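Visitor: Pasting a structure here, questions to come.
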């Protein structure tokens, strides 16, 4: 997996580079917008992490220029600007996701992985999601575990659907919130945890095996036991 | 509404000035009219009276002459009545009436006093028409003699009074009308200024008063206010820029510290096992950074320079999403009631509106004790969130909108922090407002999510 990091703060890029390399990524670093655009247009990257504020060429200008060449490599924007309008500007310019500084590497990793996977299999129009003995029928809007039907609230259904679509991948609380509620902001409280706890109670009754696992400091993952 | 406007209208100095001016104009007009009356109608009246008295006097003198007998006297009466059609003469001679009156009226005062009385006159068409006669009576040796003249001036006097009435009424209408127009003009200028000041008070420091080309006294005031606002705006901006810069500059090193801690945790976590104190440091650092972010965002929201791309937002959907989000927090703890009285749509930014509503609802849930009740009612663009928690004492209600204000200084929990300040700023961006009230017991938060129609 090849990652291009366009970032001018030395400490930040050194750390991100190292951390991604530990995760098995090949990481190239560009220190300014011009160099970043030059490397990005080569088209050999699976994902680009782009800082919003860069010397020489602004991050958004760089992104717009990249998209203008027809390059569709997924781009995550890293920004110190947390405001809604900034985020919308970023996504409008062609960004696929937006991470606000200061970020945790875990969060960035989760989003990078979600994006690269998403980019690989976007056209899987599945109607059934399965993990272990849990079956989610998207057409019938039904969830069964070991043949037993489980009734879920609409939001619980959406949460489970998102987790199942990305099974095996760690999904953070903010990612879940953004995907299911479609609002951009961090509710800060443990509210998503409470939703997941409720969902678990419904899914994992009678000593059934655990399907939703908590990853400490990162988020949740759905995995067959 | 109307009575209030009327009260406002009649309280202005220009209105008082108008009233005073009207009184003066009416006094002057009346003075002129009185003078005109004296010189015309009253003068003619005096002449009429003099005429009557002269005639009456003449007859009395005639009757006093020794040589004049009854026959001559009645002849003289006859001659006079034939000469003048407007002359009324009647002699009551031993209950027989001589002259041009058919009956002798009662209660006519003696010479030189005069009285006005009505008689019926047969005109050329043979119709009788009432006519007013001014007359007096004198004693003659032949009996009481009544002398009178048709009082046409009585009609003139009436006409004069009617015309004067119209003239005065016209003057009154004119001055009051002018007063109303001036008052409205002045009021509209003053209203502009007071509306602007209200806007400034509500935090919109960028508002400026329009200036006209006339360069009148209002433009002078407007100009001064505008300059004052420029100064204040500049000061506020420089202060908020300083805070922004502090927050921004501190954030970069703090972010680096965070990166280092995370790096250590990632490595050491595998080699040495858990480092609980380091995790705590990271959590606290995250809180500090979060506060910085919120402060930066707040000052950004408060500067109305933020160019929001507004679109129609369905408030029912946003509120429903908030309710869905907080539902598990509520479940066993308390009762949550969510009512749509009237659906509403505002032009706005969905994410920000969601956030404002979530902050308020989450606060209500957080401060409501077990088995309490939280009620959310949407009525058009107005959302009311009620709880029966401890509430906020009245004297504190303005303060909770201040940054990082804590209600109870001794309390260890997070307090309102920046939450309500952000709500207020978001609502202001949408032309709405937030209001806190007592819910007896508890707090009632009224969110006006858009401009009031």
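Visitor: Take residue A:116 and tell me if it is at pLDDT below 85, in contact with a strand residue (DSSP E or B) (Cβ under 6 Å, 6 or more places away or on another chain), away from chain B (no Cβ under 14 Å) and surrounded by fewer than 19 Cβ atoms within 10 Å (Cβ to Cβ). Steps first, please.
Guide: Working: at pLDDT below 85: yes; in contact with a strand residue (DSSP E or B) (Cβ under 6 Å, 6 or more places away or on another chain): yes; away from chain B (no Cβ under 14 Å): yes; surrounded by fewer than 19 Cβ atoms within 10 Å (Cβ to Cβ): yes.
Yes: the conditions hold for residue A:116.
Visitor: When you scan segment A:170-197, how many residues do you find that are under 21 Å from residue B:352 (Cβ atoms) and more than 14 Å from chain B (Cβ to nearest Cβ)?
Guide: 1
Visitor: When you scan segment A:76-84, do you find a residue that is more than 14 Å from chain B (Cβ to nearest Cβ), closer than 30 Å to residue B:244 by Cβ and under 20 Å from the mean Cα position of the chain (by Cα), even just one?
Guide: The first filter runs over segment A:76-84 and keeps only residues more than 14 Å from chain B (Cβ to nearest Cβ), leaving A:76-77.
Next, from what is left, pick out any that are closer than 30 Å to residue B:244 by Cβ: A:76-77.
Subsequent filtering for residues that are under 20 Å from the mean Cα position of the chain (by Cα) retains A:76-77.
The answer is yes; a qualifying residue exists.
Visitor: Answer yes or no: is there a residue in segment B:73-83 that is surrounded by fewer than 14 Cβ atoms within 10 Å (Cβ to Cβ), within 19 Å of residue B:134 (Cβ to Cβ) and modelled with pLDDT under 85. I'd like the intermediate steps shown before the answer.
Guide: Of the residues in segment B:73-83, the ones surrounded by fewer than 14 Cβ atoms within 10 Å (Cβ to Cβ) are B:75, B:79, B:82-83.
Checking which are within 19 Å of residue B:134 (Cβ to Cβ) leaves us with B:83.
Then drop every residue that is not modelled with pLDDT under 85, which leaves B:83.
Within segment B:73-83, one or more residues are surrounded by fewer than 14 Cβ atoms within 10 Å (Cβ to Cβ), within 19 Å of residue B:134 (Cβ to Cβ) and modelled with pLDDT under 85.
Visitor: Moving on. Taking the criterion of being at pLDDT below 85, part of a helix (DSSP H, G or I) and under 25 Å from residue B:289 (Cβ atoms), would at least one residue in segment B:228-236 satisfy it? I'd like the intermediate steps shown before the answer.
Guide: Just the residues of segment B:228-236 that are at pLDDT below 85, to begin with: B:233, B:236.
From the residues that got through so far, the ones that are part of a helix (DSSP H, G or I) too are B:233, B:236.
Subsequent filtering for residues that are under 25 Å from residue B:289 (Cβ atoms) retains none.
Within segment B:228-236, none of the residues are at pLDDT below 85, part of a helix (DSSP H, G or I) and under 25 Å from residue B:289 (Cβ atoms).
Visitor: Would you confirm whether or not segment B:32-50 contains a residue that is assigned to a helix (DSSP H, G or I), under 14 Å from residue B:142 (Cα atoms), outside the structural domain of residue B:169 (by TED's automatic domain parsing) and touching a helix residue (DSSP H, G or I) at 6+ places or on another chain (Cβ under 9 Å)? Reasoning before the result, please.
Guide: Kept after step one, since they are assigned to a helix (DSSP H, G or I), are these residues of segment B:32-50: B:32-39, B:41-50.
Then drop every residue that is not under 14 Å from residue B:142 (Cα atoms), which leaves none.
No: segment B:32-50 contains no residue that is assigned to a helix (DSSP H, G or I), under 14 Å from residue B:142 (Cα atoms), outside the structural domain of residue B:169 (by TED's automatic domain parsing) and touching a helix residue (DSSP H, G or I) at 6+ places or on another chain (Cβ under 9 Å).
Visitor: Which residue out of B:65, B:48, B:53, B:26 is surrounded by 12 or more Cβ atoms within 10 Å (Cβ to Cβ) and over 28 Å from residue B:122 (Cα atoms)?
Guide: Working: B:65 fails: surrounded by 12 or more Cβ atoms within 10 Å (Cβ to Cβ); B:48 fails: over 28 Å from residue B:122 (Cα atoms); B:53 fails: over 28 Å from residue B:122 (Cα atoms).
One residue alone meets the criteria, B:26.
Visitor: Give me a count of the residues in segment B:323-357 that are surrounded by 14 or more Cβ atoms within 10 Å (Cβ to Cβ) and within 22 Å of residue A:201 (Cα to Cα).
Guide: 11
Visitor: Kindly indicate whether residue A:184 is crowded, with 20+ Cβ neighbours inside 10 Å, within 25 Å of residue A:97 (Cα to Cα) and modelled with pLDDT under 85.
Guide: Details: crowded, with 20+ Cβ neighbours inside 10 Å: yes; within 25 Å of residue A:97 (Cα to Cα): yes; modelled with pLDDT under 85: yes.
Here the answer is yes, as residue A:184 does meet what is asked.
Visitor: Restricting attention to segment B:84-99, which residues are surrounded by 18 or more Cβ atoms within 10 Å (Cβ to Cβ) and either at pLDDT below 80 or in contact with a helix residue (DSSP H, G or I) (Cβ under 7 Å, 6 or more places away or on another chain) (or both)? Working first, answer last.
Guide: Step one: list which residues in segment B:84-99 are surrounded by 18 or more Cβ atoms within 10 Å (Cβ to Cβ), which gives B:87-92, B:98-99.
Residues satisfying the conditions are B:87, B:89, B:91, B:98, B:99.
Visitor: Return yes or no: is residue A:51 surrounded by fewer than 18 Cβ atoms within 10 Å (Cβ to Cβ) and either under 29 Å from residue B:353 (Cβ atoms) or assigned by TED's automatic domain parsing to the domain that holds residue A:14 (or both)? Even if it seems obvious, please write down each step before you answer.
Guide: Details: surrounded by fewer than 18 Cβ atoms within 10 Å (Cβ to Cβ): no; either under 29 Å from residue B:353 (Cβ atoms) or assigned by TED's automatic domain parsing to the domain that holds residue A:14 (or both): yes.
When the stated conditions are applied, residue A:51 does not pass them.
Visitor: Given the conditions (1) surrounded by 17 or more Cβ atoms within 10 Å (Cβ to Cβ); (2) more than 15 Å from residue B:149 (Cβ to Cβ); (3) touching a strand residue (DSSP E or B) at 6+ places or on another chain (Cβ under 7 Å), and given that residue B:120 satisfies all but one, which numbered condition is not satisfied?
Guide: With (1) surrounded by 17 or more Cβ atoms within 10 Å (Cβ to Cβ); (2) more than 15 Å from residue B:149 (Cβ to Cβ); (3) touching a strand residue (DSSP E or B) at 6+ places or on another chain (Cβ under 7 Å) applied to residue B:120, the lone miss is (1).
Visitor: Mind listing just one residue for me: the one in segment A:192-213 that is free of Cβ contacts under 8 Å to residues at least 40 places away in the same chain, out of contact with any helix residue (DSSP H, G or I) (no Cβ under 6 Å at 6 or more places or on another chain) and part of a helix (DSSP H, G or I) and, of those, surrounded by the most Cβ atoms within 10 Å (Cβ to Cβ)? Step through it out loud before you land on a result.
Guide: So in segment A:192-213, the residues free of Cβ contacts under 8 Å to residues at least 40 places away in the same chain come out as A:192-194, A:196-197, A:200-201, A:204-207, A:210, A:213.
Those left that are additionally out of contact with any helix residue (DSSP H, G or I) (no Cβ under 6 Å at 6 or more places or on another chain): A:193, A:196-197, A:200-201, A:204-207, A:210, A:213.
Checking the rest, the ones that are also part of a helix (DSSP H, G or I) come to A:193, A:196-197, A:200-201.
Values: A:193: 13, A:196: 22, A:197: 13, A:200: 16, A:201: 9.
Among those residues, the one meeting the criterion is A:196.
Visitor: Could I ask something else about it? Which strands (runs of 3 or more DSSP E) does segment A:3-79 wholly contain that include 1 or more residues that are touching a helix residue (DSSP H, G or I) at 6+ places or on another chain (Cβ under 8 Å) and touching a residue at least 40 places away in the same chain (Cβ under 8 Å)?
Guide: Details: elements: A:26-30, A:47-51, A:75-79.
Because the criterion is at least 1 residues that are touching a helix residue (DSSP H, G or I) at 6+ places or on another chain (Cβ under 8 Å) and touching a residue at least 40 places away in the same chain (Cβ under 8 Å), the strands (runs of 3 or more DSSP E) in segment A:3-79 that meet it are A:47-51, A:75-79.
Visitor: Looking only at segment A:149-165, decide whether some residue is more than 14 Å from chain B (Cβ to nearest Cβ) and under 30 Å from residue B:264 (Cβ atoms).
Guide: First, pick out the residues of segment A:149-165 that are more than 14 Å from chain B (Cβ to nearest Cβ): A:149-151, A:160-165.
Filter once more, so that each one left must be under 30 Å from residue B:264 (Cβ atoms): none.
No, segment A:149-165 contains no residue that is more than 14 Å from chain B (Cβ to nearest Cβ) and under 30 Å from residue B:264 (Cβ atoms).
Visitor: Now a separate question. Test residue A:164 against the criterion of being under 18 Å from residue A:176 (Cα atoms) and at pLDDT 90 or above, and give yes or no.
Guide: For residue A:164, the condition - under 18 Å from residue A:176 (Cα atoms) and at pLDDT 90 or above - is not met.
Visitor: Based on what the data block shows, is residue B:159 loosely packed, with under 14 Cβ neighbours inside 10 Å and at pLDDT 85 or above? Write out each step before concluding.
Guide: Details: loosely packed, with under 14 Cβ neighbours inside 10 Å: yes; at pLDDT 85 or above: yes.
Criteria met by residue B:159.
Visitor: Another question, then. For segment A:87-102, enumerate the residues that are more than 9 Å from chain B (Cβ to nearest Cβ) and under 26 Å from residue B:260 (Cα atoms).
Guide: If we filter segment A:87-102 for residues that are more than 9 Å from chain B (Cβ to nearest Cβ), which is where we start, we get A:89-99.
Across segment A:87-102, the qualifying residues are A:97, A:98, A:99.
Visitor: Still on this model: Would you please name the residue that is nearest to residue A:167 (Cα to Cα), looking only at residues in segment A:198-220 that are touching a strand residue (DSSP E or B) at 6+ places or on another chain (Cβ under 8 Å) and within 14 Å of chain B (Cβ to nearest Cβ)?
Guide: Going through the qualifying residues, I end up with A:215.
Visitor: Any residue at all in segment B:203-222 that's touching a strand residue (DSSP E or B) at 6+ places or on another chain (Cβ under 9 Å) and either outside the structural domain of residue B:430 (by TED's automatic domain parsing) or at pLDDT 85 or above (or both)? Walk me through how you get there before you give the answer.
Guide: Step one: filter segment B:203-222 for residues touching a strand residue (DSSP E or B) at 6+ places or on another chain (Cβ under 9 Å), giving none.
No.
Visitor: Which condition does residue B:240 not pass, out of (1) in contact with a helix residue (DSSP H, G or I) (Cβ under 7 Å, 6 or more places away or on another chain); (2) at pLDDT 75 or above; (3) in a helix (DSSP H, G or I), if it passes all the others?
Guide: (2)
The values are calculated or read from the model by the stated rules, or taken from the named source; none is laboratory data. As the structure is a prediction and not an experimental result, all values here were calculated from the model. Positions of Cβ are generated from backbone atoms using ideal geometry, with glycine treated the same way; all protein chains shown enter the neighbour counts.
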